[in-house]
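First up is the structure itself, then whatever we jot down about it.
Coordinate-derived values only; no laboratory data. Fair warning: this is a prediction, and the values are worked out from it, not measured in the lab. No Cβ is skipped: glycine too gets one built from the backbone with ideal geometry, and neighbour counts run over all protein chains shown.
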Amino acid sequence: MVSMKDIANRAGVSIGTVSLVLNGKTENRVSQKTSEKVLQIAKELNYEPNAAAKTLKMRKSNTIGFLTDSIGSSPYAGTILLGAQDAARKLGYVLLVVNTNGDEQLEKQSLSVMRSYQPDGYIYALMFHQKVTVPSQLEGIPTVVVDGEDQRGVVPSYFPDEFSIGYDATTRLAQAGCQRIAYIGSSQGIVAEINRYEGYRQALADAGLEFDDHLVGHYEIEELGDNEAAAARHLISSAQPDGIFCFNDQRAAVVYDAARELGLAIGRDISIVGVDNQTIIAPLLIPRLTTVELPHYAMGYQGVLRLIAQMDGVEALQPLVVSDPYAATVLKQMDMQSVSLRCELLEKQSVA
């Protein structure tokens, strides 16, 4: 890396003179000819200012490192980033965003680069709700986990209330008069699957409906394939549910096709509820899918507010309290390490 010393040696001036020129403090101190010479040499050598040194001088960078495994390129969870940006902008911060695609080595390298710019704190954001070990490079630095949980319970974390998703979706089907409610879940043992399934079971019990394991299918649907559609058709034809809670909208789309192939009218013969409100799926299904919307924007927004309150003190959020309900909510949660956000069920046309 080119230093001021290299420029000084090439220009035949002192390091102090180079510093004055590069920092724009030449008035009455450095001649125009010398300034032009230093700037030209700096350009020829591709000199880049040391961001870390500048930050140390100011003691504050007003930047937040936003490290994510994939949400920056995802149509599903990208609104986490939007929420984070909006909150940061309101309080005079900007985000330094790095997408690692879940690559641990790339994550380490990216953190090393980001730390050279000395962000005041970090958001560690995940594509889907999971328990994680926060990178050791972030120890001692203000950090908030978004759409995930810190394994040790030390780092503040914001994530969806997965139990309530399963509970609310199943309760809605029970309220519609469904007596045999099926669950089309995931074969992956992730936090979201486990807790949504528990919510489903509890809602059945509270509604006085008997649990039947023939009404439960745990399938892997990374892509909408024939095998998954056949499995959904088999469950519907053999167990004959009148309502189905699907782990996500992607599975709901498979169930839509299966139900139609069996001659069932969605919203009349069978009711369906999904999860995500995925913009490339939910609005395109006919009839429109009733679904539980994940709080992506709110997680990103509240996560950044919580981080800024950690870094600058809770008084930093006070100017927002009157006009911003998120700020008031975050202030009430400052003593909570794990914050689960309730999700909204969006009524459409797929429930009778």
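Figures for the structure shown
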item: C-alpha long axis of helix 32-44 to longest principal axis of the chain, angle in °; result: 40
item: Ascending count of other beta-carbon atoms within 10 Å, so fewest first, for I272, I236; result: I236, I272
item: Cα centre as origin, Lys/Arg/Asp/Glu Cβ charges: region 4-49 dipole, Debye; result: 140
item: Antiparallel DSSP beta bridges within the chain, as percent of all bridges there, nearest 5; result: 5
item: F159, F245 arranged by Cβ crowding within 10 Å, fewest neighbours leading; result: F159, F245
item: Dimensions (Å) - the chain, Cα atoms, principal axes, largest first; result: 87, 43, 33
item: Quarter of Cα convex hull surface for region 162-293, i.e. mean projection, nm²; result: 6.9
item: Charge tally in the Cβ shell below 12 Å around C343, where Lys, Arg are +1 and Asp, Glu are -1, C343 excluded; result: -4
item: Only Lys, Arg (+1) and Asp, Glu (-1) charged, at Cβ; region 92-245 dipole about Cα centre in debye; result: 260
item: Listed pairs K90/K332; K90/K348; K60/K108; K5/K33; K43/K108 exceeding 26 Å between Cα atoms; result: K90/K348; K43/K108
item: Table column - 3J(HN,Hα) (Hz), region 122-138, Karplus curve with 6.51, -1.76, 1.60, x for Gly and Pro; result: 9, 9, 10, 10, 10, 5, 9, 4, 7, 8, 9, 9, 5, x, 4, 5, 9
item: Additional length obtainable on full extension of the chain from E261 to V191, 0.36 nm per residue less Cα span; result: 22.0 nm
item: FRET efficiency for L284 and V216, using Cβ-Cβ distance with R0 set to 30 Å, rounded to 0.05; result: 0.65
